[in-house]
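The values are calculated or read from the model by the stated rules, or taken from the named source; none is laboratory data. These figures come from a predicted structure and were not determined experimentally. Virtual Cβ from ideal backbone geometry, glycine too; neighbours counted across all protein chains shown.
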Amino acid sequence: MPSGPRIKQTASLLAALALALAAGCGHAAAPTRSAGGVSALPPGAPPGAGPALGLTEDNAQLLWSPDGPPRPGGARFALAREELTALHPTYLRLLVDWAALQPDPARPPQLEAPVSGCARRVGPCAAYAGMREELAAIASQQRAATAGAGFQVVLDIFSTPPWAARALSGCQSARASSTSQTPARGALAAYRALIRSLLALAAREGVALDWWSPWNEPNDPVFLNPQRASCAAGAQPLAPAAYAQLARAMAAELSASPGQRHLLLGELNPFPRGSEDRMSIAEFVAALPADVVCLSEVWAVHAYAGQGPGATADPVATLEAALDARGGCARGARVWVTETGAGASHPGSPRRALAAEEQAGCRALAAQLIRWDRDPRVGALFQYTFREDPAYPVGLVGPELSHVYPAYRLWLAWSRRKAAGESPPGPAAGCA
């Protein structure tokens, strides 16, 4: 157990797509990657400023500003709110579980459906009113932040309601579930209605939804199944075309609404190699239609801190090489790491209650942060998650909210040094 005190988002879309296709996705000198309400210019993260800090966390009881009135959950939630706020994240990433929000096609998405507030089934728990309260809590942080900076929302949709899924076809992965199936073309209207409902909710709560990701980990059958037409490595890819229809639908819906918003492409699982039921980063990027590649100049990848000789190649470098190899609009595109963190020696495996393992994970994460901080193409780094997800344990505080991992102190030091215009801390100093 580490010691020490605890501290804590209108020109025509079709015209833009036609222009992009006519230009072969354009040229690196002057890419055109926006359409009406979908803007190419990322706010708050100008090139050359170094990566901004992002955080994935969807428990509203942890997101409320500690400067406001008392909230449910008791002392452990109150202290955790202070810890989270102390990180001052530029971006707050929310995962949008479509299947959970709209199990019945006859009813609209239930954006105020009550949520237990547990970490899966682990307490402490403090119920809240779904996405409505998540956005209300973020609004409280935005009001409290200096000059309105911080807590810009990034939305990432995943999980197909069974009623919205295509008929089974292609290579059906053993790892897929009923909510992994590719959305049917006829369900795109419901997908767009989900986006509209989120925009309307955000308007009521006074929150701008600046950044939108069409689908989480679309190169993984756990999230988008099937990946291929048959179960053989190198078989015809299906997932890129499925992802393309979602990206086009999202871009069209955002372009039809007032204001400027930004697409975040990819959200790729960091597979360096494909297999019979999944696609590598390079395969997926190469197979995307040209118009979709030109919908944004920012791409996202997930990259966790592995330890020891089994650690894989840097997914950021892999994605950058894949984008440059694709050329046109993709060449030189910026990269966000929208999921990173440190846990066991193999990320995502159960943790052991060993201080040495926690320190080793923290130091591996620190080395990654330093490498990405030196890469001018990296625009943001997101910790997944603040409160530990027992299903993927790489959080900053334990699911019980009483244990603070060394990686929290690293991110806190990293955030403070970045705010002061200083270099990020080294592994030894950051994890101490």
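A few notes on this one:
- Just one of the listed residues (Ala239, Ala174) is under 23 Å from Phe271 (Cα atoms), in contact with a Leu (Cβ under 7 Å, 6 or more places away or on another chain) and hydrophobic (A, V, I, L, M, F, W, C), and it is Ala239.
- Scanning the stretch 224-241 for residues that are over 25 Å from Ser159 (Cβ atoms) and not in a loop (DSSP other than H, G, I, E, B) returns no hits.
- When we screen Ala305, Ala321, Ala311 for residues that are closer than 30 Å to Trp411 by Cα, surrounded by fewer than 23 Cβ atoms within 10 Å (Cβ to Cβ), among the hydrophobic types (A, V, I, L, M, F, W, C) and modelled with pLDDT under 95, the only hit is Ala311.
- Across the stretch 118-149, the number of residues qualifying as under 21 Å from the mean Cα position of the chain (by Cα) and either part of a helix (DSSP H, G or I) or crowded, with 19+ Cβ neighbours inside 10 Å (or both) comes to 13.
- The condition (being among the hydroxyl-bearing types (Ser, Thr, Tyr) and surrounded by fewer than 22 Cβ atoms within 10 Å (Cβ to Cβ)) is satisfied by just one residue among Ser275, Ser296: Ser275.
- Helices (runs of 4 or more DSSP H) fully within the stretch 355-432 counting 1 or more residues that are closer than 20 Å to Leu62 by Cβ: 406-419
- Single condition Pro258 does not satisfy, out of (1) in a loop (DSSP other than H, G, I, E, B); (2) within 30 Å of Ala149 (Cβ to Cβ); (3) at pLDDT 95 or above; (4) not small (Gly, Ala, Ser): (3)
Rundown of residues vs (1) more than 10 Å from Asn225 (Cα to Cα); (2) part of a loop (DSSP other than H, G, I, E, B); (3) within 18 Å of the chain's Cα centre (by Cα), yes/no style:
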| position | (1), (2), (3) |
| --- | --- |
| Leu155 | yes, no, yes |
| Gly170 | no, yes, no |
| Ala203 | yes, no, no |
| Ala208 | yes, yes, yes |
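- Residue check for Arg192: out of contact with any strand residue (DSSP E or B) (no Cβ under 7 Å at 6 or more places or on another chain), more than 24 Å from Ala286 (Cα to Cα), surrounded by fewer than 22 Cβ atoms within 10 Å (Cβ to Cβ) and modelled with pLDDT of 95 or more: yes
- Top-ranked residue in the stretch 59-99 [being under 22 Å from the mean Cα position of the chain (by Cα) and basic (Lys, Arg); ranked as surrounded by the most Cβ atoms within 10 Å (Cβ to Cβ)]: Arg93
- Pairs linking a residue in the stretch 274-296 that is more than 24 Å from Arg261 (Cα to Cα) to a residue that is in a helix (DSSP H, G or I) and β-branched (Val, Ile, Thr), with Cβ atoms under 9 Å and 6 or more positions apart or on different chains, are Ser280/Thr318; Ile281/Thr318; Ala282/Thr318.
- Filter result for Ser178 (in contact with an Asp or Glu (Cβ under 6 Å, 6 or more places away or on another chain), modelled with pLDDT of 95 or more and within 12 Å of Leu224 (Cα to Cα)): no
- Residue match in the stretch 100-109 (condition: of a type outside the set (Asp, Glu), farther than 27 Å from Tyr408 by Cα, in a helix (DSSP H, G or I) and under 23 Å from the mean Cα position of the chain (by Cα)): yes
- Search result, residues across the stretch 209-251 that are surrounded by fewer than 17 Cβ atoms within 10 Å (Cβ to Cβ) and closer than 30 Å to Thr90 by Cα: none
- The stretch 375-432: number of residues that are surrounded by fewer than 24 Cβ atoms within 10 Å (Cβ to Cβ), acidic (Asp, Glu) and either within 22 Å of the chain's Cα centre (by Cα) or at pLDDT 95 or above (or both): 3
- If you filter the stretch 324-341 down to residues that are over 16 Å from Asn269 (Cα atoms) and within 18 Å of the chain's Cα centre (by Cα), you find that the one that is surrounded by the fewest Cβ atoms within 10 Å (Cβ to Cβ) is Arg334.
- Flag: Arg363 does not match the condition of being surrounded by fewer than 17 Cβ atoms within 10 Å (Cβ to Cβ), over 18 Å from Cys118 (Cβ atoms) and not polar (S, T, N, Q).
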